[in-house]
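Read through the structure below, which is laid out as structure tokens, and then see the notes.
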Amino acid sequence: MRRQDGTYEKTQEISFSLCDFTERLKPSELLCLTSDLAGEDYGDRGLPHDKLLSEGFVFLVSRVRFAIKRNVRAEERIRFITYERKIAGPFCIRDYILEDAGGERIIEGRSAWILCDPVTRRILRPAHFPYEIQNHEDIELAVSEPDKLRPVENMQKIGERKVVYSDLDGNGHVNNSVYGDMACDVLPMELFRGELKEFAINFVKEAKIGDTITLYGGRDGSSHVVTGYVGDAVCFECAFTFEDKTDGE
């Protein structure tokens with residue numbers, strides 16, 4: 001639904017299947033729901049994915065960061081709000097707000113998207129996009145910019161993951177949300193008994209069918225970092241910051 005201020009919203013009940021063993025929304029599903037919401041925003045403006053594709057445009061998410069006041073739980077009704085905030089160099093910055101049934105903001109997110117040619121994968125400047133990219137810099141959020149994650153020293157190999165059919169989306173590469181599961185799968189289970197307070201991910205190089213992603217883990221202060229490589233090239237990197245509650249659950 002288009003709001004009076006030009007932002008887009010929808011309300012959705014979070015099904016049990018979108019949650020993990022603690023009955024909280026999985027990071028991968030948060031990525032999926034917000035990414036899909038961006039597409040719905042464009043569709044509501046008369047710019048669905050197939051129209052943009054036919055005109056030689058595709059938006060690919062490059063970086064995402066979420067600040068989490070509290071985790072979403074199964075069967076909650078959540079209002080999702082999204083909007084384009086500004087253009088920053090080659091990026092279109094898009095924000096997300098998740099509100100609970102009482103109207104309280106429980107998650108805020110910022111993402112950086114790049115405009116590409118769907119055939120050549122050549123990056124296009126936002127100025128090439130013939131439609132309006134909105135500006136909502138007046139809306140204040142507590143979440144930081146979706147900046148590039150800094151390298152972490154002494155990363156250790158913690159797993160491998162071969163790309164298979166179910167990982168792919170309509171762009172022919174691993175869907176961005178799948179990387180969230182890949183990273184969570186190699187972290188200690190006990191971490192997820194605590195509340196996730198921040199989640200950031202950078203998508204660096206697309207992975208395709210048959211690729212093997214080698215996963216490395218490490219620490220950056222209070223953050224648990226997972227980086228995936230395809231060969232010698234970084235594919236994705238992400239960081240999780242938890243509030244420790246292992247003694248209470």
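Values computed for the structure shown
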read-out	value
Calculated FRET value between Ser15 and Asp117, using beta carbons and R₀ = 35 Å, to 0.05	0.45
Å³ per residue enclosed by the Cα convex hull of the stretch 88-173	225
Over the stretch 1-80 - Rg/Rh using Cα atoms and the Kirkwood inverse-distance radius	1.02
D (Stokes-Einstein, µm²/s), Kirkwood Cα radius, the stretch 196-247, 1.002 mPa s at 20 °C	178
Burial ranking of peptide ranges 220-230, 2-12, 204-214 (average Cβ count within 10 Å, highest at the top)	220-230, 204-214, 2-12
Under 30 Å from the Cα of Lys10 - lysines, other chains or at least 8 residues apart	Lys26, Lys51, Lys69, Lys86, Lys148, Lys197
Mean accessible surface per residue for the chain, computed with a 1.4 Å probe while every protein chain stays in place, in Å²	49
Cα-based radius of gyration of the stretch 115-226 once divided by 2.2 N^0.38 Å, which approximates compact folds	1.30
The chain - Debye-derived log10 I(q)/I(0), Cα point model, q = 0.08, 0.10, 0.15 Å⁻¹	-0.30, -0.48, -1.13
Ranked by how many other beta carbons lie within 10 Å on average, peptides 24-34, 110-120 from highest	24-34, 110-120
5 Å-binned pair-distance histogram of the stretch 18-156 (Cα, whole percent)	2, 9, 17, 21, 18, 14, 10, 6, 2, 0
Cα centre as origin, Lys/Arg/Asp/Glu Cβ charges: the stretch 101-188 dipole, Debye	500
q = 0.13, 0.18 Å⁻¹: log10 I(q)/I(0) that the Debye formula gives for the stretch 165-216, counting C-alpha atoms only	-0.38, -0.68
Whole-number Å³ per residue for the convex hull built on Cα positions in the stretch 51-133	123
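The values are calculated or read from the model by the stated rules, or taken from the named source; none is laboratory data. What you see is a predicted model, and the numbers here were worked out from it, not measured in a lab. We place every Cβ from the backbone using ideal geometry, glycine too, and count neighbours over all the protein chains shown. Remember, those area values only see protein heavy atoms, side chains included, never the ligands or the DNA or RNA. Shrake-Rupley method; radii C 1.70, N 1.55, O 1.52, S 1.80 Å.
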